[in-house]
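For reference, the structure discussed in these notes is given below.
The values are calculated or read from the model by the stated rules, or taken from the named source; none is laboratory data. Because the structure is predicted, anything quoted here is derived from the model rather than measured. Cβ: placed from backbone, ideal geometry, glycine included. Neighbour counts: every protein chain shown.
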Amino acid sequence: MPMTSPFKSLAWLAVGLALVAALFAAPAQAVSQTAQASAQVRVAVRILPPFVEQENGQYSGFSIDLWKAIAARRHWDTAYQVAPDVNGQLAAISGNKADVGVGAISITADRDLKYDFSQPILNAGLQILVPSAHASPESTALDSLLHLLFSPAVLVWLGIAILLTIIPAHIIWFVERFHPEGMIGSKSYFPGIFQAFFWGMGTLATQADSMPRHWLSRIVAVLWMFTSVVFVAFYTATLTASLTVQQFKSEINGPDDLAGRTVATVTASTSAAYLQANGVHAVYFADAEAAYKALAAKQVDAVVFDAPVLQYIAAHEGSGQVTVVGPVFHAEDYGFAFKNGSDLRRQVDATLLTMREDGAYDQISDKWFGKK
């Protein structure tokens, strides 16, 4: 049955409306794509080589290179802002001053409740930085010798030896000075007492080059030689034990050796939380560079911080002076941080997966950490 005139009019009207909608939709889509292409993402970073470095206003580093690759694939422009620490980065995100935190941000259970994180960009953990045992061997040997000579144990025993020697020295001086063949050549107190004291110290240490002549002096000499044997035996045992304990204390090979030490770390970091939880005496610094300088100045015994950062310091600025010891412990992952519910996280994760599949991630990782 042929369509009546009113229905034909409605049909043509519908076609016309569809054409108009299509004409307006195309420019709108183009505008949307243009807006997406020029979208600016605010990125909060903190300077922490090798993750984030800054030179002449330009940013580089593992995390920066990774973010630049993601932004390029997503056609995003990046506006960087520098935060003093991780807390500053997270505060910028929660305060809507930044869209993402880029750097070495550890993914912890507490942070995961407050922020969204990308899939891990690096698997790492904590490690320990100590002075290198092979740094300046000559000065190290000299330092060890001076430390031994002026150690409390040596000074205490030397004081005891002097006090003990005073008594037999006076007896020998008093008796021998009247003997015609006595070993004390002067009847006066000085220098006679010095001769007697020299004999007493010589007997205490090894064996005197002369013996008393008076029978009373010889009895004192025999008793003093017996005392010397006991004294030297006790002194040797005490000094050996002290040096052994000191040697054990000077070795730090893992987290179990940190007890009783002064350890440097970075404020508001996962390493700071670890040291506090394990009762280790920690000294807090603004960044890893300051902690390293405190170690180089012998103000602390070790530095505990993120393993990649300490390995970077040991291989560059601290080469030959410090070394990383022990295994990586307190394993943790690093990721990009977002505000809860951020649409950026899903897009970043999708791009990261693509980069892992096509090898772009490995190229960036090998550039900064070497091939595994």
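General remarks:
For every residue, the table says whether it meets (1) in a strand (DSSP E or B); (2) of a type in the set (A, V, I, L, M, F, W, C).
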| position | (1), (2) |
| --- | --- |
| Tyr59 | yes, no |
| Trp67 | no, yes |
| Ile70 | no, yes |
| Ala79 | yes, yes |
| Gln89 | no, no |
| Ala92 | no, yes |
| Asp112 | no, no |
| Gln119 | no, no |
| Asn123 | yes, no |
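- Note on segment 284-306: residues that are among the small types (Gly, Ala, Ser) and either surrounded by fewer than 21 Cβ atoms within 10 Å (Cβ to Cβ) or in contact with a Cys (Cβ under 6 Å, 6 or more places away or on another chain) (or both) total 5.
- Tally of residues being among the polar types (S, T, N, Q) and at positive phi across segment 49-98: 2
- Meets criteria (surrounded by 21 or more Cβ atoms within 10 Å (Cβ to Cβ), part of a helix (DSSP H, G or I), in contact (Cβ under 8 Å) with a residue 24 or more places away in the chain and not hydroxyl-bearing (Ser, Thr, Tyr)) for Val348: yes
- Residue within segment 100-108 that is surrounded by 22 or more Cβ atoms within 10 Å (Cβ to Cβ) and in contact with a Pro (Cβ under 9 Å, 6 or more places away or on another chain) present: yes
- Meets criteria (assigned to a strand (DSSP E or B), in contact (Cβ under 8 Å) with a residue 24 or more places away in the chain and touching a helix residue (DSSP H, G or I) at 6+ places or on another chain (Cβ under 6 Å)) for Val328: yes
- Candidates Gln89, Gln40, Gln36, filtered to the one that is surrounded by 10 or more Cβ atoms within 10 Å (Cβ to Cβ) and modelled with pLDDT of 95 or more: Gln89
- Ala290 satisfies every condition listed in (1) in contact with a strand residue (DSSP E or B) (Cβ under 9 Å, 6 or more places away or on another chain); (2) assigned to a loop (DSSP other than H, G, I, E, B) except (2).
- Residues being in contact with a helix residue (DSSP H, G or I) (Cβ under 8 Å, 6 or more places away or on another chain) and of a type in the set (D, E, K, R) - total across segment 155-202: 2
- Residues that are among the aliphatic types (A, V, I, L, M) and within 13 Å of Gln127 (Cβ to Cβ), drawn from segment 292-310: Ala302, Val303, Val304, Ala307, Val309, Leu310
- Some residue of segment 167-189 being buried (at least 19 other Cβ atoms within 10 Å of the Cβ), charged (D, E, K, R) and in the same structural domain as Ala241 (by TED's automatic domain parsing): yes
- Against the test of being part of a loop (DSSP other than H, G, I, E, B), in contact (Cβ under 8 Å) with a residue 40 or more places away in the chain, not assigned by TED's automatic domain parsing to the domain that holds Leu155 and not β-branched (Val, Ile, Thr), the options Ala264, Ala268, Ala314, Ala259 yield a single qualifying residue, Ala268.
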